[in-house]
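Here is the structure we will look at, set down as structure tokens.
Any read-out appearing in this document is the output of simple, stated calculations on the displayed coordinates, not a laboratory observation. Quick caveat: nothing in here was measured; it's all calculated off a predicted structure. No Cβ is skipped: glycine too gets one built from the backbone with ideal geometry, and neighbour counts run over all protein chains shown.
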Amino acid sequence: MKAKLFNSTALIIGYYGETYTNSKNQPYPHKGVDFAPKLSDWTVFNPMEGGECVHIDHAHPNYGKMVMIHSRKHRTTLRFCHLDSIAVNVGDKIKQNQKIGVMGATGNAPNGAHVHLEEIPQKDFGNYDFNTPLQGNSDPLSLLYYLGCDMEEYKW
Ligand SMILES: [Zn+2]
């Protein structure tokens, strides 16, 4: 099955490792990839080949409404941030291309609605602190390309 993040092409609007600026004008490294769908359907899907919802936060100061899905098969975890609504619960088994929520701008998303996606590989997951912001420590694009997600760079 072809994996999807949205029902249309996922536009890449910000890369992992880029230098972003916070509200106090201080630079920080971007620890995820920012996406928005090419068309107007804002539904967000799990692209991985199965997984389990391991963590949800409804009001994280930075991430807003956030879902974390762990995949045994891929030995990694994806964190979907700034959602407007969440469609899964902790402990749910999540199928590939299952709806997990709707894109939004909750938490720290001053430039508007998008999905900030982080990856935490298995080797780092045991010590993962769910409450510390900006801890994605791997670029999720390789996994998404491997899964066949339809993505393209957004031309500003
Ligand atoms: Zn981001």
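Numbers at a glance
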| read-out | value |
| --- | --- |
| Within the range 1-50: Cβ-based charge dipole about Cα centre, in debye rounded to nearest 20 (Lys, Arg +1; Asp, Glu -1) | 20 |
| Ordering of 65-74, 42-51, 16-25, 103-112 by packing [mean C-beta count within 10 Å, highest first] | 42-51, 65-74, 103-112, 16-25 |
| For the range 61-70, 3J(HN,Hα) per residue [Karplus equation, 6.51 cos²θ - 1.76 cosθ + 1.60, θ = phi - 60°, Hz, x = Gly/Pro] | x, 9, 8, x, 6, 9, 10, 10, 10, 9 |
| Estimated 222 nm signal from helices in the chain, with DSSP H stretches of n ≥ 4 weighted -39500 (n - 2.57), rounded to 500 | -1500 deg cm²/dmol |
| Ranked by how many other beta carbons lie within 10 Å on average, peptides 91-97, 116-122 from highest | 116-122, 91-97 |
| Where the Cα pairs of the chain fall when distances are cut into 5 Å bins, in % | 2, 10, 20, 26, 23, 13, 5, 1, 0 |
| Rotationally averaged projected area of the range 41-131 (alpha carbon convex hull; nm²) | 5.4 |
| Cα centre as origin, Lys/Arg/Asp/Glu Cβ charges: the range 22-116 dipole, Debye | 260 |
| Kirkwood hydrodynamic radius (C-alpha pairs) into Stokes-Einstein, the range 1-63, 20 °C and 1.002 mPa s, D in µm²/s | 151 |
| Modelled FRET efficiency - R0 30 Å, residue 40 with residue 95, Cβ distances, 0.05 increments | 0.75 |
| Centroid-to-centroid separation of the range 78-127 and the range 1-46 [C-alpha atoms, Å] | 11 |
| Average Cα contact separation per residue, the chain, under 8 Å, 6 or more apart, as relative contact order % | 28 |
